[in-house]
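The values are calculated or read from the model by the stated rules, or taken from the named source; none is laboratory data. Remember, it's a predicted structure, so these values are computed and weren't measured experimentally. Ideal geometry is used to build each Cβ from the backbone, glycine not excepted, and the neighbour counts take in all protein chains shown. Side chains are part of the model used for accessible areas, which takes the heavy atoms of the whole protein and leaves out ligands, DNA and RNA. Shrake-Rupley method; radii C 1.70, N 1.55, O 1.52, S 1.80 Å.
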Amino acid sequence: MCGIAGEFRFDDRPADLGAIERITQHLTARGPDASGFHSAGPMAMGHRRLKIMDLCEASGQPMIDPTLGLSMVFNGAIYNYPELRAELEGLGYSFFSQGDTEVLLKGYHAWGEALLPRLNGMFAFAIWERDSRQLFIARDRLGIKPLYLSKTADRLRFASSLPALLKGGDIAGVLNPVALNHYMSFHAVVPAPDTLIAGIEKMPPGHWLRVQADGRIEQQRWWSLPFGAREDEQNYTFEDWQERTLAALRESVALRQRAAVDVGVLLSGGVDSSLLVGLLREAGAADNLLTFSIGFEDAGGERGDEFKYSDLIANHYQTRHHQLRIQEKEILQQLPAAFQAMSEPMVSHDCIAFYLLSREVSKHCKVVQSGQGADELFAGYHWYPQVDGAEDPAAAYLAAFRDRSYEEYAETMQKQWAQGDFSGDFVRQHFAQSGADAAVDKALRIDSTVMLVEDPVKRVDNMTMAWGLEARVPFLDHNVAELSARIPAKYKLPGGGKYVLKEASRRVIPAEVIDRPKGYFPVPGLKHLEGETFNWVRELLLDPSQERGLYNPQALDRLLSDPHGQLTPLRGSKLWQLAAVNLWLSEQGL
């Protein structure tokens with residue numbers, strides 16, 4: 001788990017090592033344990049290291065193998081690297097380190113891009129081929145580890161975060177109207193390759209790039225998520241699918257224990273995180289199993305914690321439990337820092353929960369497991385039944401998920417930003433694609449391959465890495481994701497969703513957690529905008545120094561006059577959404 005950066009020049013000039021040093025320095029929080037740089041003609045790489053898999057200096061990066069003519073930087077964790085190492089040793093390769101980085105380097109030499117399907121893990125990496133003068137870049141299947149790109153006629157730069165790329169210079173910081181429409185209407189989900197800043201793209205998950213010395217780029221998708229049971233699974237019963245779900249999760253959780261001395265779990269008290277605790281206990285985690293829960297002040301008649309259920313699990317499994325309660329004053333104090341840690345602005349108010357929880361967890365361990373992905377893979381959200389029975393599934397999805405129609409978006413923004421219904425077009429095009437026949441499967445596909453990547457997964461990566469904490473997400477093991485996509489919707493939708501997962505969970509965790517109402521990380525103060533929080537948001541939006549020509553003054557006045565009555569279909573504050581983009585731009589110096 002690290003931060004990576006690099007530059008590849010196409011204009012016969014040496015790479016700008018000074019720019020790479022500035023970019024890499026901005027990634028220090030992601031890798032607080034060590035740093036390294038490598039420059040060779042048109043290519044320069046930078047790395048910040050968080051020591052997890054191999055603590056020895058031999059696993060430092062950039063990693064260079066002069067015999068093979070390869071050098072690389074890598075962010076992530078390859079959980080099956082011991083098996084791959086044994087296979088490579090059988091092919092005659094020898095190793096000078098004990099970690100997963102060298103396995104990637106030699107695996108690429110042995111298999112090229114065919115290495116990627118062999119990997120079980122989360123990763124973004126770049127490999128420089130000295131002799132062919134080519135750069136190979138790849139990102140994991142579900143986008144767990146980020147990678148941002150900036151390409152001009154003269155050079156390509158990459159980094160683990162968007163704000164870090166800005167530190168390299170020569171990027172104007174102009175807003176991208178396509179991404180702004182997505183942000184304001186699609187619950188801050190901005191699909192790759194777009195980002196809010198023109199001139200910076202993010203590499204799509206499950207893709208690789210090969211960059212030539214003259215700047216030509218070849219891009220290929222190396223993984224997709226097909227839906228529908230295989231021929232040999234057509235007669236599977238509900239019991240069969242339960243058994244396979246539990247078996248896949250058991251293997252995923254156990255695999256993610258590797259190289260973790262202390263095992264932590266972000267415990268919300270819901271089914272997903274509770275199941276992780278139960279499976280970790282089954283896998284042998286004993287006295288070193290830590291759990292962490294967070295709560296906030298009540299607001300708007302909504303309870304700000306779910307300690308009742310997290311305490312139940314912590315007591316049942318006798319974990320070393322840590323309970324963190326945050327007051328409104330601290331939320332306001334920490335919001336700027338949380339937004340500074342975001343690679344892109346995120347509207348979900350529970351970002352601050354993950355930021356503050358990660359701060360607490362990082363005091364006790366370096367690795368934590370989290371339950372992201374279960375809702376998107378196993379149909380845990382309220383809109384799936386609506387889509388399933390809809391005459392126009394894409395329209396039903398947009399009505400349930402999108403924050404604003406295009407008409408409302410055009411009314412909210414100043415005229416120059418209303419250039420098209422990009423989020424609506426994206427959803428309609430996605431629903432029209434082949435590879436998922438049932439309407440609910442089309443919704444699950446867009447959520448698991450786009451929304452999940454650009455909201456929950458990004459949120460957890462950004463907020464944990466802000467504190468040098470490695471988050472592992474067992475539900476996003478590709479074997480679990482691929483299995484879930486093959487399970488018929490009739491086994492997911494009943495019982496309020498995630499039916500097959502909940503029923504399988506009864507074999508592991510207490511029924512009280514499974515049969516409870518659905519919950520989430522609540523931050524009522526940011527949802528309902530009362531008291532000091534509302535005053536802070538109003539001052540931010542009305543501050544003349546924050547005026548960027550984004551919002552229609554009449555629309556802003558309307559939102560400020562009725563902050564409680566302006567909620568999105570997902571029950572988020574429309575006013576907070578406007579404030580969040582202002583705050584993020586301000587924290588990035590834009």
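Structure notes:
- Centre separation in Å (Cα based) which lies between region 165-195 and region 528-590: 18
- All-pairs Cα distance distribution in region 311-387, expressed in whole percent, bin size 10 Å: 13, 34, 36, 16, 1
- A straight Cα-to-Cα reach below 28 Å connects residue 442 with the lysines 145, 202, 458, 490, 492, 498, 502, 518, 574, residues fewer than 8 places away in its own chain not being considered.
- The simple Förster model, with R0 at 41 Å and r as the Cβ-Cβ distance, assigns residue 130 and residue 561 a FRET efficiency of 0.05.
- Calculated from backbone phi, Karplus (6.51, -1.76, 1.60) coupling profile of region 141-158 in Hz, x at Gly/Pro: 4, 10, x, 5, 9, x, 7, 10, 10, 9, 10, 10, 5, 9, 6, 10, 10, 9
- If you bin all the Cα-Cα distances of region 197-350 at 10 Å, starting from zero, the percentages per bin are 8, 22, 25, 27, 15, 3, 0.
- Here the simple spin-label model places points 7 Å from the Cα toward Cβ, and for residue 515 and residue 399 these points are separated by 3.4 nm.
- Cα-only radius of gyration and Dmax that characterise region 535-590, units Å: 11.2, 32
- Residues of region 389-425 with amide N under 19 Å of the 7 Å Cα→Cβ point at residue 554: 405-419
- Overall form of region 360-500 per C-alpha gyration tensor (a/c, 1.5; a/b vs b/c): oblate
- Expressed as a whole percent, the accessible area of region 15-56 that falls on carbon and sulfur atoms is 53 (1.4 Å probe).
- Computed FRET value (nearest 0.05) for residue 532 with residue 320, which takes r as the C-beta separation and R₀ as 41 Å: 0.75
- Per-residue ellipticity at 222 nm computed for the chain from its helices equals -11000 deg cm²/dmol, with DSSP H segments shorter than 4 residues left out and the rest contributing -39,500 (n - 2.57).
- In this calculation the C-beta distance from residue 13 to residue 221 is compared with R0 = 35 Å, giving a FRET efficiency of 0.65.
- Taking label positions 7 Å along the Cα-Cβ direction at both residue 152 and residue 234, the computed distance is 5.8 nm, reported to one decimal.
- DSSP beta bridges in region 26-134 [antiparallel fraction, %, rounded to 5]: 95
- Normalised alpha carbon radius of gyration of region 45-96 [divisor 2.2 N^0.38 Å]: 1.21
- Per residue solvent-accessible surface (Å²) - the chain, probe of 1.4 Å: 36
- For region 357-413, applying the loop criterion from DSSP together with a ceiling of 11 other beta carbons within 10 Å to the trypsin sites (Lys or Arg not before Pro) yields 363.
- Dipole of region 1-151 [Lys/Arg +1, Asp/Glu -1 at C-beta], most positive-end residue of 84, 134, 66: 134
- Positive dipole terminus of the chain, leading residue within 206, 563, 500 (C-beta point charges): 206
- What the Cα convex hull of region 71-229 gives, in volume per residue, is 145 Å³.
- Over region 296-447 - Rg/Rh using Cα atoms and the Kirkwood inverse-distance radius: 1.03
- Size of the chain: Rg and Dmax of its alpha carbons, in Å, are 23.2, 71.
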